Amino acid sequence: MLNIKCPYCGDRSQKEFAYGGDGTITRPKLNQEISDEEWDNFVYLRKSPRGKHIELWHHIAGCRQWFKVERDTTTHEIFRTFKPEE
Amino acid sequence: MQKYSVFSLIKNAFSNHEKWDLAWKDPTPKKEYDVVIIGGGGHGLATAYYLAKEHQITNVAVIEKGWIGGGNIGRNTTIIRSNFMYDDNARFNEFGMNLWRNMSQELNFNVMFSPRGIINLAHSDAQMNAYARRGNSMRLNGIDAVLLNREEVKKIIPMADFSEDVRYPIFGGLAQPSAGTARHDAVAWGYARQADSMGVDIIQNCEVTGFDIEAGKITGLRTSRGDIKSKKIGLCVAGSTNVLAEKLNMTLPIETHLLQACVSEPVKPVLDGVVTFGAGHFYISQSDKGEMVMGGDLDGYNSYAQKGNLPTIQHVLTGGVALFPFLSRLKMLRTWGGIMDMSMDGSPIIDKTHIDGLYLNCGWCYGGFKSVPSSGWTFAHTIAQDRVHELNEGFSLNRFSKGYLLDEKGLGTKTWIS
């Protein structure tokens with residue numbers, strides 16, 4: 001079981017969290033012309049690396065805040081957790 | 001090649017089964033092949049077999065990083081079905097059903113295909129309506145679909161919990177009686193043996209480390225056992241697709257996730273088909289040995305670890321015990337995991353790529369095993385003819401950017417909850 005350190009609440013069991021996917025994806029800016037390619041990149045295309053992966057998690061059964069986790073996708077080692085704006 | 005039969009079995013019994021031929025050779029890689037298939041799983045081996053059989057291309061290598069039968073072909077729960085609503089998925093998988101029915105004879109290897117049927121359970125009137133719609137779509141594509149009411153389901157699985165005060169009472173279900181199971185290792189071994197006998201080189205313990213591309217055309221690949229030249233390369237590596245895509249500077253609509261399964265201790269026959277309990281994130285069948293074979297959700301976060309975590313197994317078995325209370329008294333024998341190439345719409349990709357001579361076969365999500373023959377057949381056609389077959393033209397790589405999704409369950413792009 002993963003032990004995830006919520007940046008707001010501290011160490012908690014994986015069971016309190018929901019996964020939110022790749023944390024490096026940014027939405028194309030609003031009120032601007034968006035090309036098909038930009039939209040494709042945002043909605044569908046993912047690197048899904050083997051190794052270090054920055055991802056979003058949601059402390060859904062806790063403080064309900066979203067935050068980011070840097071984790072190894074093979075060993076599941078968590079290197080750091082941080083607030084989205086950090 | 002030595003033919004397997006009751007006579008060869010008796011004959012070899014006299015020599016204590018010590019004189020059987022090797023099922024396939026262990027060749028050193030040649031300098032050049034007409035086609036190289038990366039990935040010696042079910043799909044890769046089937047592709048090589050159909051390249052040789054249907055297209056007479058026998059100067060083929062199958063490159064496998066591990067060993068034959070060590071990946072998802074040996075890690076799945078062996079379910080074979082074609083209960084899809086969309087035409088592209090339904091036709092493709094029904095084509096595969098016909099290949100499954102003759103597979104043991106064709107490969108001269110008993111794959112123990114057993115059409116014991118599948119039931120998807122429904123728990124509301126709305127779900128019954130949705131299943132009626134899916135069943136009708138299936139029947140329009142010539143697939144046997146039967147909508148069962150509560151009493152009919154009870155006749156088939158009387159040991160399920162049919163109380164009315166449970167969270168998900170059983171209203172009925174959608175059955176495909178021609179669906180079934182097969183012995184998954186035998187499928188890999190059967191395809192490998194036949195491909196080998198027609199001249200295909202099966203090269204194990206050989207990792208691909210890079211690709212050679214000149215002027216937009218693929219010319220060869222680098223491996224841990226030397227460089228290999230080839231003008232046509234097929235990528236068939238399931239959960240490792242993203243790793244090889246990175247070496248090709250490609251980003252794909254695929255995420256790699258871990259899926260677990262488990263079996264109980266063997267018990268006497270209790271369940272003759274496959275039952276899926278979608279509301280409880282659980283499905284089950286009983287193997288010929290008597291083990292209850294069970295699975296459910298992904299672990300839920302990107303993963304390349306071929307083993308999973310306990311919370312998911314607990315979650316799956318909680319659903320299992322809710323449906324079949326007798327499971328609570330069984331001991332679990334073992335659990336294992338495999339890494340899935342989860343596509344953004346839940347349907348696969350079998351297509352050419354922007355690199356000339358590079359072909360892509362991925363995105364099998366939970367359901368790669370049933371598609372082994374149809375995927376191999378269509379991928380072989382795509383590679384040999386350098387164009388997609390009508391059976392796999394819906395599985396295009398650019399369908400995401402073009403908006404022609406095949407989202408069978410309407411779940412969207414969160415691959416980890418689909």
What is the average number of partner chain Cβ atoms found within 10 Å of a Cβ in A:16-29? 2
Separation of segment B:8-63 and segment B:95-140 by C-alpha centroid, Å? 29 Å
In whole angstrom, the spacing between the Cα centers of segment B:147-184 and segment A:35-86 equals 39 Å
Taking every DSSP bridge whose two residues both lie in the protein assembly as shown, the antiparallel percent to the nearest 5 is 80 percent
Using the beta-carbon distance between A:Glu70 and B:Phe7 and R0 = 51 Å, what value does 1/(1 + (r/R0)^6) give for FRET efficiency, to the nearest 0.05? 0.25
Can you give the charge dipole size of segment B:209-346 about its Cα centre, rounded to the nearest 20 debye, using +1 on the beta carbon of Lys and Arg and -1 on the beta carbon of Asp and Glu? 440 debye
For chain A, set up a GNM with springs between Cα atoms under 10 Å and report which of A:Ser35, A:Ser48, A:Ser13 has the largest fluctuation. A:Ser35
How big is the antiparallel share of DSSP beta bridges in chain B, given as a percent to the nearest 5? 70 percent
For chain A, can you list the cysteines whose C-beta has no other cysteine C-beta under 4.7 Å from it? A:Cys63
Express the relative contact order of chain B as a whole percentage, based on alpha carbon pairs under 8 Å and six or more residues apart in sequence. 21 percent
Suppose every Lys and Arg Cβ carries +1 and every Asp and Glu Cβ carries -1, with no other charges. What dipole size does the protein assembly as shown come out with about its Cα centre, to the nearest 20 debye? 880 debye
Label-to-label distance, nm, for residues given as B:Glu265 and B:Phe326 (7 Å Cα→Cβ offset): 1.5 nm
Positive-end residue, segment B:149-207 charge dipole about Cα centroid, Cβ charges, pick of B:Ile170, B:Asn149, B:Val187: B:Asn149
Let me spell out the model: positive unit charges on the Cβ of Lys and Arg, negative unit charges on the Cβ of Asp and Glu, origin at the Cα centre of segment B:118-164. What dipole size does that give, in debye rounded to 20? 200 debye
Among B:Ala126, B:Ala192, B:Ala182, which one shows the biggest mean-square fluctuation in a GNM of chain B, springs joining Cα atoms closer than 10 Å? B:Ala126
Mean-square fluctuation check for chain B, GNM, Cα pairs under 10 Å: which of B:Gln314, B:Gln260, B:Gln127 is largest? B:Gln314
Provide a whole-number value for the mean count of partner chain Cβ atoms within 10 Å of the Cβ atoms in peptide A:37-49. 6
Leading residue at positive end of dipole, segment B:308-409 (Cβ point charges), from B:Thr353, B:Ile339, B:Ile313: B:Ile313
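Values in this text are rule-based calculations from the coordinates and carry no lab data. Nothing here was measured: the structure is a model prediction, and the numbers come from that model. No Cβ is skipped: glycine too gets one built from the backbone with ideal geometry, and neighbour counts run over all protein chains shown.
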